[in-house]
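This report refers to the structure that appears directly beneath it.
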Amino acid sequence: MHVLTVLDHPNPNAFSAAVAQQFMAGATAAGHTVELADLHAEGFDPRWSQGDVDANSETPMPDVAAEQARIARADAICLVFPLFWWGMPSMTKGWVDRVWTWGWAYDQLADPNLSLQRPRSGVLLVPAGARSDEIRDQGYLAALETAWIDGTFGYFGLSPRRLELLCGSTGSDARRQSLLHRSYQIGLTLPHPQPTH
Ligand SMILES: Cc1cc2nc3c(=O)[nH]c(=O)nc-3n(C[C@H](O)[C@H](O)[C@H](O)COP(=O)(O)O)c2cc1C
């Protein structure tokens, strides 16, 4: 498969960047080709603008068209971004809002399994400072699963799709090493796309 990794972090030495590298190393070891979209390094503009309002699926803005071309050649997509206020940081949010447009990605809000895109394997690797029991017991995990796995990435044709919260990412070196190892394993065992119907 051709695997696109989308990284949202301004610091190339951040834990999130190491997660992306480990995931790609695992995917490479599994025989996949890999491509990195380093949104900060590339200067992607996440601001939804009047240009986006005026554009349509036939004539997207040039930077959106470039991202869509990257997605078009991918069989699997991995998003790596830190959990910020129980949501996506603004860069990832803007990339999702601007790139996965109505008429290109989806056309039917009533059916999250109906996408205009071919099925792609999808994974969200999300470093989070909180502990996994806090995140689960306070209902955040269920809320994020609902918002992202049920409510967003189905429309984009990601199938199968999976949210992997890398909890305790600000913890001990041993904890961080185990999360990096998990990221490698997820790249190594990436499932193939499956039809949604
Ligand atoms: C603005 C901001 C908001 C954050 N919000 C949350 C949060 O809601 N839940 C959580 O578990 N961690 C939260 N964190 C912690 C980050 O997810 C964590 O530090 C992560 O490891 C950052 O990624 P990095 O290590 O690659 O920099 C937040 C951190 C920042 C800077």
*asked:* So for the stretch 88-101 (the condition being surrounded by fewer than 20 Cβ atoms within 10 Å (Cβ to Cβ), within 14 Å of the ligand (Cβ to nearest atom), hydroxyl-bearing (S, T, Y) and under 17 Å from the mean Cα position of the chain (by Cα)), does at least one residue qualify?
replied: yes
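Mind telling me which of the residues S178, S159, S115, S121 ends up being within 16 Å of the ligand (Cβ to nearest atom) and among the small types (G, A, S)? Can you show your working first?
On the way: S159 fails: within 16 Å of the ligand (Cβ to nearest atom); S115 fails: within 16 Å of the ligand (Cβ to nearest atom); S121 fails: within 16 Å of the ligand (Cβ to nearest atom).
The conditions single out S178.
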*When the stretch 27-80 is examined, which residues are found to be within 16 Å of the ligand (Cβ to nearest atom) and in contact with a strand residue (DSSP E or B) (Cβ under 6 Å, 6 or more places away or on another chain)?*
L36, D38, C78, L79, V80
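Of everything in the stretch 69-81, what is more than 23 Å from T189 (Cβ to Cβ), out of contact with any Leu (no Cβ under 8 Å at 6 or more places or on another chain) and touching a residue at least 40 places away in the same chain (Cβ under 8 Å)? Give them in sequence order. First the steps, then the outcome.
Taking the stretch 69-81 first, the residues more than 23 Å from T189 (Cβ to Cβ) are 69-70, 72.
Add one more test, that the residue is out of contact with any Leu (no Cβ under 8 Å at 6 or more places or on another chain), and what stays is 69, 72.
Matches in the stretch 69-81: none.
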*Before we move on, is A76 surrounded by fewer than 18 Cβ atoms within 10 Å (Cβ to Cβ) and either among the aromatic types (F, W, Y) or at pLDDT 95 or above (or both)?*
no
_One residue from P12, P60, P46 being assigned to a loop (DSSP other than H, G, I, E, B) and under 17 Å from the mean Cα position of the chain (by Cα)_ = P46
*Taking R120, is it out of contact with any Lys or Arg (no Cβ under 7 Å at 6 or more places or on another chain), under 20 Å from R70 (Cβ atoms) and touching a residue at least 60 places away in the same chain (Cβ under 8 Å)?*
yes
*Give me the pairs: first residue in the stretch 10-24 and within 7 Å of the ligand (Cβ to nearest atom), second residue among the basic types (K, R) and part of a helix (DSSP H, G or I), beta-carbon distance under 7 Å, and six or more apart or on different chains, which are they?*
F15/R176
*Check off (1) exposed (fewer than 15 other Cβ atoms within 10 Å of the Cβ); (2) within 12 Å of the ligand (Cβ to nearest atom); (3) in contact (Cβ under 8 Å) with a residue 24 or more places away in the chain; (4) not basic (K, R) for A130 and give me the number that stays unchecked.*
(1)
*If you check every pair at least six apart or on different chains, which have Cβ atoms under 9 Å apart with a residue in the stretch 50-65 that is farther than 14 Å from A105 by Cβ first and a residue that is of a type in the set (S, T, Y) second?*
M61/S49
*Those residues that are touching a strand residue (DSSP E or B) at 6+ places or on another chain (Cβ under 8 Å) and among the hydrophobic types (A, V, I, L, M, F, W, C), I need them from the stretch 1-26; list them, please.*
M1, V3, L4, V6, L7, F15, A17, V19, A20, F23, M24
*Please state which of the following conditions S169 fails to meet, knowing it meets all the rest: (1) over 16 Å from the mean Cα position of the chain (by Cα); (2) more than 13 Å from the ligand (Cβ to nearest atom); (3) not basic (K, R).*
(2)
*Please work out which one of (1) in contact (Cβ under 8 Å) with a residue 40 or more places away in the chain; (2) surrounded by 21 or more Cβ atoms within 10 Å (Cβ to Cβ) is the condition T170 fails and give its number.*
(2)
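The values are calculated or read from the model by the stated rules, or taken from the named source; none is laboratory data. This one's a predicted model, so the numbers in the text were calculated from it and none came from an experiment. Cβ: placed from backbone, ideal geometry, glycine included. Neighbour counts: every protein chain shown.
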